[in-house]
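Note sheet for the following structure.
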Amino acid sequence: MIQLLISGLAMGSIYALVALGIVVIANAVNVVNFAQGENVMLGAYVAATLTLTLHLPILAAYAISIILLALYGYIFQKVAYYPLRKKPFITVVVATIGVSMFLKNAARIVWGPQPIYFAGPFGESMIRVGGVSINAQNILIIVVTLALVVFQHFFFAKTSLGRQMQATAQDQEAATLMGIKVSRMIAFTFIYSSMLAAAAGVLLAPIFYVSADMGANLGLKAFAASIIGGFGSVPGAILGGLFLGVLEIFAAAYVSSLYKDAFAFIVLILILAFMPRGLFGEKISTKV
Amino acid sequence: MLKVSNIEVYYGKIRALNSVSLSVKQGEIVTLIGANGAGKTTVLRSISGLQRLEKGKIEFLGKDVSIVPAENLVGMGLAHVPEGRRVFPGLTVYENLEIGATSWRKGKACLSGDLENIYELFPRLKERSKQLAWSLSGGEQQMLAIGRALMARPKLLLLDEPSLGLSPVLVEQVFEVLHKINGQGVTMLLVEQNAFMALDIAHRGYVIENGRIVLTDTASALSNDSKVKEAYLGG
């Protein structure tokens, strides 16, 4: 029971990180980034290559992967967002789908079709608490996710850069009138989102195999999680992710592991039908 | 201080401004009045760099700023209170004001002097400083939008319909504060549909119709002009 809950929360933490990456971009530029799952895959592959092929220490590989993904985030927005920023929503969304396909197939060419096993810093070690043994990687995932969420909250609420990014997300033109460099803030948002993806990728690698296909399902589930939580809401993305992770694990354990994915999407459909603002969605807060 | 010469602006193929020229001198309140859709907002957006010019020239403090990007103009001393207030809904009143100082503030430079001045002009904002901006009433949001622009320490303030959607009592209050701000040395270009209030506070005025300036004079002369009376002051 406890073990299930922990692994559910760990998987949910990953969904939450990916969902956060989707939500910060959606809030900033009103685009749903369908490449976020592939960004996670890229982060995982980069770290795996640095460790397994170049034999770098694993923590250094994590750090370099996150830095490289930051750079990638900058390029991503220059290529897939910036030239299209004045185009309709759907045009940009299609561009992100294009990037996701490109990344998936490029990964297949570069790293081959075989999934790679890439162990975490603790290998397969288990932690014994009372009578239950828990996978150390799961604990690491939960702790790091928690730390990132706290960091993000602090960053957006307390730092000047975070405030400027928030202002840009809320009203680009008004932000321009304040002297905020809007295109730079948007670039930062993409960079941050890609770094979140890299973090999710390196955390996830040991419990998933690293493969070209790992991103597709992940991106979709994270998108579902953000809708379940209430699309656009940061706490909603986190709680929606955790909820989905736990739900899946319990559904797999007690009902059928074959239909694990189906449960996630059944819940999504139910939420869309009966609570379109999501479980934890903010009440619409515009006032004229 | 501000000199707009023969600017033309197009939205697609439609000409929104047709050779508009106007000027604002140091210390003045100048108003631009006209009907809905006459081009008032477009004039302000062109001056603050939000709207691309097809032709013409805009000089601010003696420099040609026709192609200076909007985000750099604020630092030169030109602040724009946009139509519809446009406060940041998810930030608190205090955070909105703090963001207003972005153009000149380095690091954690102290804002208390600026804030004190604004809280004195708008005591309501002080009471609500921790509230999120979306939860404010329309009048309070307008006060916040003006306060936020003042945080930029502007030399010239562009105001787009500050009376829009406010009750007559609030309109009076806002205009009173604008008068005070002008007394503190801030020059203003005020766009208004409420011509009566605008001409009351302004030194000079321009009347715009279909993207053209059709009349300009001192505010008192405009108030007594028969055409202006008929068209904008309710006969």
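Read the figures in this text as sums done on the coordinates, not as results from a lab. The structure displayed is predicted, hence computed values, not measured ones. Neighbour counts are summed over all protein chains in view; Cβ atoms, including those assigned to glycine, are modelled from backbone coordinates with ideal geometry.
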Q. Between A:LYS86 and A:ASP213, what FRET efficiency follows from the Cβ-Cβ distance if R0 is 41 Å, with the result rounded to 0.05?
A. 0.75
**Q.** Normalised alpha carbon radius of gyration of chain A [divisor 2.2 N^0.38 Å]
**A.** 0.99
Q: Take the alpha-carbon centre of region A:189-218, take the same for region A:133-157, and report the distance between them in whole Å.
A: 15 Å
Q: Taking the Cα centre of region A:2-274 as origin, work out the dipole magnitude from +1 charges on Lys and Arg Cβ and -1 charges on Asp and Glu Cβ, in debye rounded to 20.
A: 540 debye
Q: Compute the Cα gyration tensor for the protein assembly as shown, then decide on rounded, prolate or oblate, letting a ≥ b ≥ c be the square roots of its eigenvalues: rounded whenever a/c is under 1.5, prolate when a/b is larger than b/c in the other cases, and oblate in all that remain.
A: prolate
Q: Please list, or write none, the aspartates and glutamates whose alpha carbon is within less than 17 Å of the alpha carbon of B:LYS57, excluding same-chain residues fewer than 8 places away.
A: B:GLU8
Q: Please give the average number of partner chain Cβ atoms lying within 10 Å of the Cβ of each residue in A:162-174, rounded to a whole number.
A: 5
Q) Lys/Arg Cβ at +1, Asp/Glu Cβ at -1, dipole of the protein assembly as shown taken about the Cα centre: which of A:LEU50, B:GLY165, A:THR189 is farthest positive-ward? A) A:LEU50
Q) Among A:GLN164, A:ILE116, B:PHE60, whose Cα lies farthest out toward the positive end of the dipole of the protein assembly as shown, if unit charges sit on the beta carbon of Lys, Arg (+1) and Asp, Glu (-1)? A) A:ILE116
Q: Taking GluC sites (Glu not before Pro) as candidate sites, keep only those in a DSSP loop with at most 16 other Cβ atoms within 10 Å, then name the longest stretch of chain A containing none of them.
A: A:125-281
Q) Size of the dipole of the protein assembly as shown about the Cα centre, Lys and Arg at +1 and Asp and Glu at -1 on the beta carbon, nothing else charged, in debye to 20? A) 660 debye
**Q.** Backbone N within region A:188-205 under 20 Å of label point (7 Å from A:LEU56 Cα along the Cβ vector)
**A.** A:191-205
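In debye, nearest 20: dipole of region B:164-235 around its Cα centre with unit charges on the Cβ of K, R (+) and D, E (-)?
Computed about the Cα centre, the dipole is about 140 debye.
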Q) In which sequence would B:ARG52, B:ARG128, B:ARG153, B:ARG45 go, from the one with the fewest C-beta neighbours within 10 Å to the one with the most? A) B:ARG52, B:ARG153, B:ARG128, B:ARG45
Q | Compactness index (Cα Rg / 2.2 N^0.38 Å), region A:10-134 | A | 1.24
Q) Given R₀ = 45 Å, FRET efficiency for B:GLU176-A:HIS153 by Cβ-Cβ distance, to 0.05? A) 0.65
Q: Name the residue farthest towards the positive end of the dipole of region A:2-274 from the options A:THR176, A:LEU244, A:ILE22, assuming +1 on Cβ of Lys and Arg, -1 on Cβ of Asp and Glu, about the Cα centre.
A: A:THR176
Q) What is the helix-to-structure angle for A:58-76, meaning the angle in degrees between its Cα long axis and the longest Cα principal axis of chain A, kept from 0 to 90 and rounded to the nearest 10? A) 30 degrees
Q) Can you sort A:SER256, B:SER226, B:SER220 so the residue with the fewest Cβ neighbours within 10 Å comes first? A) B:SER226, A:SER256, B:SER220
(Q) Report the Rg/Rh value for region B:2-232, based on alpha-carbon coordinates and the Kirkwood definition of Rh. (A) 0.96
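If you take each beta carbon of peptide A:176-188 and count the beta carbons of other chains within 10 angstrom, what is the mean?
Average neighbour count from other chains, rounded to a whole number: 6.
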Q | Hypothetical label at B:GLU127: residues of region B:70-99 whose amide nitrogen lies under 18 Å (7 Å Cα-Cβ projection) | A | B:93-94
Q) Looking at region A:58-100, which trypsin sites (Lys or Arg not before Pro) are DSSP coil and have at most 16 other C-beta atoms within 10 Å of their C-beta? A) A:ARG85, A:LYS86
(Q) Per DSSP helix of 4 or more residues, -39500 (n - 2.57); summed, then divided by the residues of chain A. What does that give at 222 nm, rounded to the nearest 500? (A) -23500 deg cm²/dmol
Q.
To make sure I understand, if each residue's beta carbon is the centre and we count other beta carbons within 10 Å, what order do B:VAL74, A:VAL150, B:VAL177 fall in, fewest to most?
A. A:VAL150, B:VAL177, B:VAL74
Q) Calculated from DSSP H runs of 4 or more alone, at -39500 (n - 2.57) each and per residue, what is the 222 nm mean residue ellipticity of chain B, nearest 500? A) -10500 deg cm²/dmol
Q. For region B:1-27 and region B:97-150, what is the separation of their Cα centres, given in Å?
A. 30 Å
Q. Taking only Cα atoms, what is the 0 to 90° angle, nearest 10, from helix A:214-229's long axis to the longest principal axis of chain A?
A. 60 degrees
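Filter A:LYS158/B:LYS108; A:LYS87/A:LYS221; A:LYS87/A:LYS181 down to the pairs with a C-alpha to C-alpha distance above 23 Å, please.
Listed pairs above 23 Å: A:LYS87/A:LYS221.
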Q.
Output the 0 to 90 degree angle, nearest 10, between the alpha-carbon long axis of helix A:234-254 and the longest principal axis computed from the alpha carbons of chain A.
A. 30 degrees
